[in-house]
Amino acid sequence: MKELPFLTQRTLPTVVKKGIFMTLISDFISRVQSVQKTGIAREHAYRPALHDLLKALGDDLEPVNDPARSKVGAPDFIILRDNIAIGHLEAKDIDIDIRTMKDANKRQKDRYVKGLANLIYTNCLDWDFYRN
């Protein structure tokens, strides 16, 4: 498993040593389930839970939702540390299989994997990590 750039020696003690990592994941899953149970939620409805999960991974992290468009597109989040982009996250709707996407979703993923450093692709259930 490759280390995520925002899970470093600096942030791991906060998340893991205090024993809160599983609580963070459990809380995230509960929030996702709650939103999904409404039956009307779409991709954007899960972003507050994603933001809070990313923020909880380190006090020095700032996940920015809906950042400005770059040359390859606009991922749902850019993760900043000290105002420097250290990662990107693209979230898809919970019912989209992020590993077998087609058409526009596949083209978008191909652009993002090729053009964005430290990319996370998720549907809130499955998580793919691309590090370059």
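Structure summary
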{"read-out": "Of Val72, Val32, Val64, the one that fluctuates the most in a GNM where the chain has Cα springs shorter than 10 Å", "value": "Val72"}
{"read-out": "Rg/Rg_ref, the chain, where Rg_ref = 2.2 N^0.38 Å and atoms are Cα", "value": "1.04"}
{"read-out": "Max mean-square fluctuation residue, GNM over the chain, Cα-Cα springs under 10 Å, options Lys106, Lys71, Lys92", "value": "Lys71"}
{"read-out": "Antiparallel DSSP beta bridges within the chain, as percent of all bridges there, nearest 5", "value": "80"}
{"read-out": "Antiparallel bridge percentage (DSSP; both residues within segment 86-132; nearest 5)", "value": "50"}
{"read-out": "Expected 222 nm ellipticity per residue - DSSP helices of 4 or more, -39500 (n - 2.57), all of the chain, to 500", "value": "-9500 deg cm²/dmol"}
{"read-out": "Gain in span if fully extended, Lys55 to Asp95, counting 0.36 nm per residue against the direct Cα distance", "value": "12.0 nm"}
{"read-out": "Calculated FRET value between Ile84 and Ala41, using beta carbons and R₀ = 30 Å, to 0.05", "value": "0.40"}
{"read-out": "Kyte-Doolittle mean at least 1.0 and Cα axial length at least 30 Å: DSSP H helices in the chain", "value": "none"}
{"read-out": "Mean accessible surface per residue for the chain, computed with a 1.4 Å probe while every protein chain stays in place, in Å²", "value": "60"}
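The values are calculated or read from the model by the stated rules, or taken from the named source; none is laboratory data. Since the model is a prediction, treat every value here as computed from it, not as a measurement. Methodologically, a virtual Cβ is constructed for each residue, glycine included, from the backbone with ideal geometry; neighbour enumeration extends over all protein chains shown. For the accessible areas, the whole protein counts, side chains as well, though only heavy atoms, and no ligand, DNA or RNA atoms are used. Shrake-Rupley method; radii C 1.70, N 1.55, O 1.52, S 1.80 Å.
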